[in-house]
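Colleague: My questions will all concern the structure given below.
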Amino acid sequence: MNEITKSLKARKSVRAFTEREIPEEIKEEILLCAVNAPTAGNQQLYTILDIRDSELLERLSVTCDNQPFIKESKFTLIFLADFRKWYDAFIDTDCNPRRPCEGDLLLAVDDALLAAQNAVT
(Lines give C-alpha, C1' and ligand atoms only; values in the text may rest on other atoms or scores of the structure.)
Protein backbone atom coordinates (compact mmCIF):
# COMPACT_ATOMS: atom_id res chain seq x y z
CA MET A 1 0.00 0.00 0.00
CA ASN A 2 1.46 3.40 -0.94
CA GLU A 3 1.73 6.39 1.40
CA ILE A 4 -1.21 8.27 -0.12
CA THR A 5 -3.51 5.27 0.28
CA LYS A 6 -2.34 4.82 3.88
CA SER A 7 -2.97 8.48 4.58
CA LEU A 8 -6.47 8.40 3.10
CA LYS A 9 -7.40 5.31 5.10
CA ALA A 10 -5.97 6.74 8.32
CA ARG A 11 -7.80 10.08 8.06
CA LYS A 12 -10.44 10.76 10.70
CA SER A 13 -12.61 13.66 11.72
CA VAL A 14 -11.69 15.48 14.90
CA ARG A 15 -13.99 17.89 16.69
CA ALA A 16 -12.00 18.44 19.87
CA PHE A 17 -9.15 20.85 19.36
CA THR A 18 -6.25 22.26 21.33
CA GLU A 19 -5.72 25.99 21.85
CA ARG A 20 -2.52 25.96 19.76
CA GLU A 21 -2.26 28.40 16.91
CA ILE A 22 -1.58 26.92 13.49
CA PRO A 23 1.61 28.26 11.93
CA GLU A 24 1.11 30.33 8.77
CA GLU A 25 3.38 28.02 6.75
CA ILE A 26 1.08 25.07 7.53
CA LYS A 27 -1.99 27.10 6.55
CA GLU A 28 -0.27 28.05 3.29
CA GLU A 29 0.61 24.39 2.63
CA ILE A 30 -3.02 23.34 3.17
CA LEU A 31 -4.23 26.05 0.78
CA LEU A 32 -1.60 25.07 -1.78
CA CYS A 33 -2.82 21.46 -1.63
CA ALA A 34 -6.40 22.69 -2.08
CA VAL A 35 -5.69 24.76 -5.18
CA ASN A 36 -3.73 21.88 -6.71
CA ALA A 37 -6.78 19.60 -6.69
CA PRO A 38 -8.02 18.46 -10.09
CA THR A 39 -10.74 20.63 -11.62
CA ALA A 40 -13.03 20.53 -14.63
CA GLY A 41 -11.03 22.02 -17.49
CA ASN A 42 -8.57 23.50 -14.97
CA GLN A 43 -11.07 26.30 -14.38
CA GLN A 44 -11.01 26.11 -10.56
CA LEU A 45 -14.69 26.97 -10.31
CA TYR A 46 -14.58 27.61 -6.58
CA THR A 47 -13.61 30.28 -4.10
CA ILE A 48 -11.98 29.57 -0.74
CA LEU A 49 -12.77 31.91 2.14
CA ASP A 50 -10.39 32.01 5.12
CA ILE A 51 -12.63 33.07 8.02
CA ARG A 52 -10.81 34.78 10.88
CA ASP A 53 -13.46 37.10 12.29
CA SER A 54 -14.65 35.76 15.67
CA GLU A 55 -18.14 37.25 15.25
CA LEU A 56 -18.56 35.53 11.90
CA LEU A 57 -17.22 32.25 13.34
CA GLU A 58 -19.84 32.53 16.09
CA ARG A 59 -22.61 32.99 13.50
CA LEU A 60 -21.27 30.10 11.42
CA SER A 61 -21.24 27.80 14.46
CA VAL A 62 -24.99 28.37 14.80
CA THR A 63 -25.77 28.32 11.07
CA CYS A 64 -23.83 25.10 10.53
CA ASP A 65 -26.10 22.87 12.63
CA ASN A 66 -25.11 24.38 15.99
CA GLN A 67 -21.55 23.06 15.99
CA PRO A 68 -19.80 24.97 18.80
CA PHE A 69 -16.29 23.87 17.81
CA ILE A 70 -16.50 26.15 14.75
CA LYS A 71 -16.43 29.32 16.86
CA GLU A 72 -13.24 28.11 18.57
CA SER A 73 -11.52 27.20 15.32
CA LYS A 74 -7.97 28.38 14.72
CA PHE A 75 -8.32 27.85 10.96
CA THR A 76 -11.66 27.91 9.16
CA LEU A 77 -11.99 27.58 5.42
CA ILE A 78 -15.23 27.76 3.47
CA PHE A 79 -15.24 26.26 -0.02
CA LEU A 80 -17.78 27.87 -2.33
CA ALA A 81 -18.89 26.58 -5.71
CA ASP A 82 -18.27 29.58 -7.99
CA PHE A 83 -19.66 28.69 -11.40
CA ARG A 84 -19.75 32.30 -12.60
CA LYS A 85 -16.00 32.69 -12.21
CA TRP A 86 -15.15 31.78 -15.81
CA TYR A 87 -18.11 33.76 -17.14
CA ASP A 88 -17.04 36.92 -15.33
CA ALA A 89 -13.44 36.45 -16.52
CA PHE A 90 -14.62 36.21 -20.15
CA ILE A 91 -16.88 39.27 -19.76
CA ASP A 92 -13.96 41.24 -18.26
CA THR A 93 -11.92 40.48 -21.40
CA ASP A 94 -14.71 41.55 -23.78
CA CYS A 95 -15.55 38.01 -24.90
CA ASN A 96 -19.10 36.88 -25.50
CA PRO A 97 -19.47 33.59 -23.58
CA ARG A 98 -22.64 31.59 -23.15
CA ARG A 99 -24.46 32.13 -19.85
CA PRO A 100 -23.69 29.64 -17.07
CA CYS A 101 -26.26 26.87 -16.58
CA GLU A 102 -27.03 23.97 -14.23
CA GLY A 103 -24.21 21.80 -15.56
CA ASP A 104 -21.73 24.55 -14.74
CA LEU A 105 -23.01 24.64 -11.17
CA LEU A 106 -22.45 20.88 -10.86
CA LEU A 107 -18.90 21.23 -12.18
CA ALA A 108 -18.28 24.04 -9.69
CA VAL A 109 -19.60 21.92 -6.81
CA ASP A 110 -17.30 19.08 -7.88
CA ASP A 111 -14.32 21.47 -8.07
CA ALA A 112 -15.07 22.87 -4.60
CA LEU A 113 -15.42 19.37 -3.14
CA LEU A 114 -12.13 18.22 -4.68
CA ALA A 115 -10.32 21.27 -3.31
CA ALA A 116 -11.86 20.73 0.13
CA GLN A 117 -10.89 17.04 0.09
CA ASN A 118 -7.29 17.95 -0.74
CA ALA A 119 -7.25 20.46 2.13
CA VAL A 120 -8.63 17.89 4.56
CA THR A 121 -6.24 15.19 3.43
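The values are calculated or read from the model by the stated rules, or taken from the named source; none is laboratory data. Quantities reported herein were computed from a predicted structural model and do not represent experimental measurements. All accessible areas refer to the heavy atoms of the entire protein, side chains included, with ligands and DNA or RNA removed. Shrake-Rupley method; radii C 1.70, N 1.55, O 1.52, S 1.80 Å.
Colleague: Where does the Debye-calculated log10 I(q)/I(0) of segment 45-98 sit at q = 0.17, 0.30 Å⁻¹, using only Cα point scatterers of equal weight, no solvent?
Modeller: With one equal scatterer per Cα and no solvent, log10 I(q)/I(0) is -0.62, -1.10.
Colleague: Computed over the Cα atoms, what is the radius of gyration of the chain divided by 2.2 N^0.38 Å, N being its residue count? Don't skip to the answer; put the middle values down first.
Modeller: Details: Rg = 16.9 Å, N = 121, 2.2 N^0.38 = 13.6 Å.
Cα Rg divided by the expected 2.2 N^0.38 Å: 1.24.
Colleague: Can you give the accessible area per residue of the chain, in Å², using a 1.4 Å probe? It would help to have the intermediate numbers written out before the result.
Modeller: On the way: 8840 Å² over 121 residues.
Heavy-atom SASA per residue in the chain reads 73 Å².
Colleague: Can you pull the percent of segment 11-121's accessible area that's carbon plus sulfur, 1.4 Å probe, other chains left in place? Walk me through the numbers on the way to the answer.
Modeller: Numbers: 4320 of 7860 Å².
Solvent-exposed carbon and sulfur of segment 11-121 make up 55 percent of the total.
Colleague: Below 19 Å, Cα to Cα, which lysines can residue 74 reach? Residues fewer than 8 away in the same chain don't count.
Modeller: In chain and number order, the partners are 12, 27.
Colleague: Expected output is a single nm value to one decimal: the length gained when fully extending between residue 28 and residue 106, i.e. 0.36 nm times separation in residues minus the C-alpha distance. What is it? Walk me through the numbers on the way to the answer.
Modeller: Values: separation 78, 0.36 × 78 = 28.08 nm, distance 2.73 nm.
Difference between extended and current length: 25.4 nm.
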